[in-house]
Structures are given as structure tokens and as C-alpha cells.
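First comes the structure, then the notes that go with it.
Please treat every number below as a calculation from the coordinates, not as lab data. Worth saying up front: this structure is predicted, and the values here are computed from it rather than measured.
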Amino acid sequence: MKPRRTYLTWLPLPPHQGEVTGEIAERFNANHEQVRAAAVCVSHAIAGAWGCRPEDQRSLTKAQYTQLVLHLYYPQILDAAFARPFVGDVAVVVRRLVAELDA
């Protein structure tokens, strides 16, 4: 197993997903700035997805929605942020993933 790069230690990762997240950054050969940009993109995308969530998810606070998304989907969303670093595109991924919970 490869040791984690030190720049990943500042990232507020869900504890059970830290290794997977490190592997994603490694796969994209991301440097510190790219990891930071992807994490910021994820944060903004979650906020954007929360702002336009469907009516049946309106009972969730922003903190609850964020926790849900981070706990269940952080690796997928981080991967999307590296692959297409536009907040709107990543917000669509967040909304799609959360919508699958209702299916």
C-alpha cells in the first residue's frame, strides 16, 4: 500500500472514506492545489445542490444534507470534481446521487 501524500491530511474527510479519497487523488496525480480546488468545488456543489433540492428533501437542513452527501457519496463527488471541475456539473452529480436514495 502506498503511503498517503501529506497534503491530504488537512482535508476534512469522512473517516471511513479517507483511503478511497487518497486513491482518487493519486489516480488523478493531483498536487496540493488541485486537491484543494477539488475539495472547494465539492463544497460549493453540495451547497448548490442543497439550494435547489426537490420538495421532498426540503425538511433537511443544509448541515444534514451536507452530512448525508459527505457520508454516502464523498468519493464519487470528489472524483467528479477532479474529472470536471465545474461546480454546476458536480452539483448535478450530487443531485443525481441523492435522488437515487428516493428511488
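Taking 0.36 nm per residue of sequence separation and subtracting the Cα-Cα distance, how much length would be gained by fully extending the chain between residue 31 and residue 63, in nm to one decimal?
Additional length available on full extension: 8.6 nm.
Determine the relative contact order of segment 33-102: mean sequence separation of Cα pairs under 8 Å and six or more apart, normalised by residue count, in whole percent.
49 percent
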